[in-house]
Amino acid sequence: MSKFFYAITIISFMSLIIFPQYLFANNNTSDNIYCEIISCGQKYSINNTQIVIEKNDNIIIYTLKRGNKTSLFDEVMLLTVAEVLPGVAQVYGITKNGCNSRWGEAKFNGKCWVGSDFQICFTKE
């Protein structure tokens, strides 16, 4: 076999090790989600939100965004809630400028994800 074949095989194998989420992801997308976000004391009620749910091993990732490429609110384009333990998540946002902003840890109270200075709730409309 050629060196090219071995190089491709090694690269393919390495991608399985580095990016296992692509093999085991169970993705679901739902439209028409109602989202209520409280951030720094300001309340945002957002209709027609899209949620993408990815399940990788023990981590569940909820990504909230607008399907029409507009911001969720203010400068925030999307929010990611990564449930790393049952009922405990790390929350991140992406701004219009592409900056990643870490919101911090949140706990699920049975209805919403609640952090130190934010709250995220989402339900099907």
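Bear in mind that the values in this text are calculations on the coordinates, not laboratory data. All of these numbers come straight from a predicted model, not from anything done at the bench. A quick note on method: Cβ atoms are made from the backbone with ideal geometry, for glycine too, and the neighbour counts reach across all protein chains shown.
Just rank 72, 79, fewest to most, by other beta-carbon atoms within 10 angstrom.
Ascending number of Cβ neighbours within 10 Å: 72, 79.
Label-point separation (nm) for residue 88 and residue 30, each offset 7 Å from Cα along Cα-to-Cβ?
The two pseudo-label positions are separated by 2.5 nm.
Need one word for the range 39-125: rounded, prolate or oblate. Basis is the Cα gyration tensor (sqrt eigenvalues a ≥ b ≥ c); a/c below 1.5 gives rounded, then a/b vs b/c decides.
rounded
Given a Förster distance of 22 angstrom, what is the FRET efficiency for residue 47 paired with residue 71, based on the Cβ-Cβ distance and rounded to 0.05?
Values: r = 14 Å, r/R0 = 0.63.
Approximately 0.95, to the nearest 0.05.
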